[in-house]
Amino acid sequence: MALKIGNEEIISNDKTLSLISATDNITANTINNAIVAQNNVFIIYDSTGAEVRRFYCAAPPA
Amino acid sequence: MAFVRPVYNDAIFGVDSTNYVEADDTYFTFINQFAGYVHSQYPSVAIATTGTSGTLLSNQSFTDTYYVAGSYVTRVDRYATEAETPNTSLVTDTYSRIRQIPYTGGLPTGDANNTQYPVYLVANVGGTPSFRSMTYTDFVDTFVRPVLGQFGSGTGLSQGGTYFMTTSASPSNGTIVSSTPAAVNSVANVAAYTSSGIPEATKQTTDTNYYIAKVEYPLTSYDTTEFTDGNLPLFFDSSRQQLRQYTAAEWAALLGPFLQYYLSGGDPDYTLSYNVDGADGETRGSTFLDTRLVPTGTGYTQRFVNADDYRTQEFPTGTTTTTVGSTKVFKMHQGPASSAPAPTETVSLEGTATTPERGNDLPLTDGSLTLGWRFKTDGTIEDFNADRIPLYSTTSHLPWINTTPTGTWYIRVTDITTTPTFIRTGYTSGAWHDITTSEIYFNISDSRAFASYGNAEFRWKVELSRNNDGTNIAATGYYRWIWEGGA
């Protein structure tokens, strides 16, 4: 059974999430941590070889 | 480390906004050419024609000679005669304005936050690609050293920031450093002098200005299908904590001081220097020429204004020719000065039997006129005329020797003109004289009455030799004077 707010379907019967206009901090962190967990990293090193920035990237499933 | 390949964003030509690419050789062709733009914004050895900075180039004194009209004369009873009207005169201007101003700053130092220089591709611990900032040495080996040699020749995109001489105030490949030219070639404008204009301004010339210009192309001139300043290398901007490409101004500020340092003395093999008529370097742009009229008459001109105002004035006449020995070139050299041997000692004289080298000016006798030539120990040749006031001139006369004489040279002067007979002073005609110990001069004096003759001429044949017995003549030339008798 789909979840609707008013007439708008937010979660469909096949579990598709739609029309999310914002996330709270908990939700945002949850999504971010999920991406971090994939460990697709892109690192910037300075000229001494020290890491100065680490980006976690979403990547297509293997 | 060494030469490394930077990463740049070629999204400008792609569909992705962050299409990061490792630079290939083609990219380096264009980023190295772009160093010409950087050097045009940060020139290493600047040239100026005004001010007091730096040092004047030696061997200048661009010499410009031109004729000006004589002062006009007005009378209430009749026209002044040609003899009563002041002659045209030859004016000499000299220019020594070119100054060389090397960069005086030191070699850049430091590496702000250790992320000042471009990033390059590395594999991180996990084997996935990442970026690392170049070290100071990487940057020098990658972007500085490879381009130092490209500035030594040419005036193309890669040679921005070098200088050349031009007669254009707005050359297509550069910008003049000042509206003050390095030198001027003035030639009397014959058409500007008219009878109805008497009194005409004495100086009326057509001028060719020789400017110094810096090779400088617009930023857009460096754009190609493979490269624009929009895909300059990427670096890690620590203040924003993000990757971004340098702007053109940032790249120029980063690379420019390195070019300034190495090209202005930091590396003797690549140091740029400028000279005038020096032994080293390539000619940069236009060659300076002094052209002037060779008079074909006195230019005596009358103007009737009214019965109380009869005016006369003498105007420049003749056709324009290049003054012998007047050429000078502005040159640029890269690297240490050559250790070329001193030039071989050679002697030469000017003029031919049919067209002898002529004394400057067209003197008018007042009944007593002395004319002659002086051959000096330092190699200069000087004409002399005592038309009321003694005048000496080396203008346009090439020296008889190209360097300081070694050993003894002898000179013999033979009178070609035999009639009328003039009073001779100076050294004996037809004999050999040692020119290396004292100046040798030959004069004639014309004491014929004023207005008793028209134009007159006297010719000499001159020879140089290592011997004083008439053998092994090393150079032969012909010299003459032309003057007005007033008739």
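The values are calculated or read from the model by the stated rules, or taken from the named source; none is laboratory data. This is a predicted model, so every value here is computed, not measured. FYI the Cβ positions are ideal-geometry reconstructions off the backbone, even for glycines, and counts take in every protein chain you see. In case anyone asks, the SASA skips ligands and DNA or RNA and just uses the protein heavy atoms, side chains included. Shrake-Rupley method; radii C 1.70, N 1.55, O 1.52, S 1.80 Å.
Right, residue B:163: surrounded by 19 or more Cβ atoms within 10 Å (Cβ to Cβ), within 14 Å of chain A (Cβ to nearest Cβ) and touching a Lys or Arg at 6+ places or on another chain (Cβ under 7 Å) or not? Criteria not met by residue B:163. Scanning segment B:44-91 for residues that are open to solvent by less than 30 Å² (accessible area, probe 1.4 Å) and closer than 15 Å to residue B:102 by Cα returns B:44, B:45, B:46, B:47, B:48, B:49, B:57. For segment B:177-206, the tally of residues that are touching a helix residue (DSSP H, G or I) at 6+ places or on another chain (Cβ under 9 Å) and surrounded by 15 or more Cβ atoms within 10 Å (Cβ to Cβ) stands at 4. The set of residues from segment B:436-473 being closer than 17 Å to residue B:357 by Cβ and among the aliphatic types (A, V, I, L, M) comprises B:440, B:444, B:462, B:464.
Scanning segment B:155-167 for residues that are hydroxyl-bearing (Ser, Thr, Tyr) and closer than 17 Å to residue B:47 by Cα turns up B:155, B:162, B:163, B:166, B:167.
If you check B:71, B:58, B:158 for being closer than 30 Å to residue B:197 by Cα and touching a residue at least 40 places away in the same chain (Cβ under 8 Å), only one passes: B:71.
Pairing each residue of segment B:390-411 that is in contact (Cβ under 8 Å) with a residue 60 or more places away in the chain and crowded, with 21+ Cβ neighbours inside 10 Å with any residue that is part of a loop (DSSP other than H, G, I, E, B) and β-branched (Val, Ile, Thr), provided the two are 6+ apart or on different chains, yields C-beta distances under 6 Å for B:396/B:323; B:396/B:324; B:409/B:435; B:409/B:436.
Which of the residues that make up segment B:167-176 are hydrophobic (A, V, I, L, M, F, W, C) and either surrounded by 15 or more Cβ atoms within 10 Å (Cβ to Cβ) or part of a helix (DSSP H, G or I) (or both)? B:176, the sole residue that qualifies.
Pairs under 9 Å by beta carbon, first residue on the phi > 0 side of the Ramachandran plot in segment B:425-441, partner of a type in the set (Gly, Ala, Ser) and at pLDDT 90 or above, six or more apart or different chains? What qualifies is B:426/B:372. Residues of segment B:374-389 that are open to solvent by 40 Å² or more (accessible area, probe 1.4 Å) and closer than 23 Å to residue B:314 by Cβ: B:388, B:389.
Residues of segment B:271-286 that are of a type in the set (Gly, Ala, Ser) and without any contact (Cβ under 8 Å) to a residue 60 or more places away in the chain: B:281 alone. The residue that is nearest to residue B:7 (Cα to Cα), counting only those in segment A:35-62 that are among the polar types (S, T, N, Q) and within 11 Å of chain B (Cβ to nearest Cβ), is A:47.
Which one of these does residue B:210 not meet: (1) touching a helix residue (DSSP H, G or I) at 6+ places or on another chain (Cβ under 9 Å); (2) over 24 Å from residue B:4 (Cβ atoms); (3) not in a loop (DSSP other than H, G, I, E, B)? It is condition (1) that residue B:210 fails. Scanning segment A:6-62 for residues that are in a helix (DSSP H, G or I) and in contact with a strand residue (DSSP E or B) (Cβ under 6 Å, 6 or more places away or on another chain) gives A:35, A:36.
Looking across B:371, B:362, one residue alone is buried (at least 19 other Cβ atoms within 10 Å of the Cβ), over 26 Å from the mean Cα position of the chain (by Cα) and part of a loop (DSSP other than H, G, I, E, B). It is B:362.
Residue-wise test of (1) free of Cβ contacts under 8 Å to residues at least 60 places away in the same chain; (2) open to solvent by 30 Å² or more (accessible area, probe 1.4 Å); (3) within 30 Å of residue B:110 (Cβ to Cβ).
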site	(1), (2), (3)
B:240	yes, yes, yes
B:254	no, no, yes
B:269	no, yes, yes
B:299	no, no, no
B:313	no, no, no
B:316	no, no, no
B:322	yes, yes, no
B:331	yes, no, no
B:345	no, yes, no
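Remark: residue B:211 falls outside the filter, which requires a residue to be under 30 Å from residue B:117 (Cβ atoms) and surrounded by 15 or more Cβ atoms within 10 Å (Cβ to Cβ).
At least 3 residues being at negative phi, over 28 Å from the mean Cα position of the chain (by Cα) and within 14 Å of another protein chain (Cβ to nearest Cβ) is the threshold, and among the strands (runs of 3 or more DSSP E) wholly inside segment B:33-140 those reaching it are B:119-123, B:129-133. Is it the case, given these coordinates, that residue B:285 is at pLDDT 95 or above, on the phi > 0 side of the Ramachandran plot and not β-branched (Val, Ile, Thr)? Answer is yes for this residue. The numbered conditions (1) closer than 30 Å to residue B:301 by Cα; (2) open to solvent by 40 Å² or more (accessible area, probe 1.4 Å) are all true for residue B:229 except (1). Scanning segment B:118-133 for residues that are in contact (Cβ under 8 Å) with a residue 12 or more places away in the chain and open to solvent by 40 Å² or more (accessible area, probe 1.4 Å) returns B:121, B:132.
Residue B:115 fulfils the conditions (1) within 30 Å of residue B:44 (Cβ to Cβ); (2) among the hydroxyl-bearing types (Ser, Thr, Tyr); (3) open to solvent by 30 Å² or more (accessible area, probe 1.4 Å) except for a single criterion, (3).
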